[in-house]
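Asks: One structure is given below, represented as structure tokens, and several questions about it will come after.
Please treat every number below as a calculation from the coordinates, not as lab data. Just so we're clear, the structure is a prediction, and the values are computed from it rather than from any experiment. Note: ideal-geometry Cβ built from the backbone for every residue, glycine included; neighbour counts use all protein chains shown.
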Amino acid sequence: MLEAALWGLVGGGSLVVGAALGLRLSPSKRAIGLVMAFGAGVLVSAAAFELTEEAFRRGGRDATAIASLSARWPSSGPIPWSPASAAATASARVGNNREGRPRPW
């Protein structure tokens, strides 16, 4: 129990240190976005690892492999044959965002 309390203190302490640094340094929106994206990816992968063992136990190797691959595929990029993908590609070629406004860069 003491070990769990110490790990909780480390996790909580890192939150306080991160908040203090964020207030002190005022990071850019890009840096905030990168950190948030990393955190979201870690959260999703932790949930996936947690659920994979039970899926393997209940459904077997083949079902777990198929489900894992099919769940990953939509997140790997735009679907090439969708109209939204074609519009995004055309918009990117002319340097506009999805609303048709010029990109800031």
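Asks: Tell me, Phe56, Phe49 in order of fewest to most beta-carbon neighbours within 10 Å?
Replies: So the residues, fewest neighbours to most, are Phe49, Phe56.
Asks: Tell me, how many Å apart are the Cα centres for the stretch 1-23 and for the stretch 28-73?
Replies: 25 Å
Asks: Run the simple label-point estimate for Arg24 and Val44 please: 7 Å along Cα→C-beta, distance reported in nm.
Replies: Going from the Arg24 label point to the Val44 one covers 3.3 nm.
Asks: Something else about it: Using the Karplus curve 6.51 cos²θ - 1.76 cosθ + 1.60 with θ = phi - 60°, what ³J(HN,Hα) values do you get for each residue of the stretch 6-14, in whole Hz, with x for Gly and Pro?
Replies: Coupling constants for the stretch 6-14: 5, 5, x, 5, 5, x, x, x, 5 Hz.
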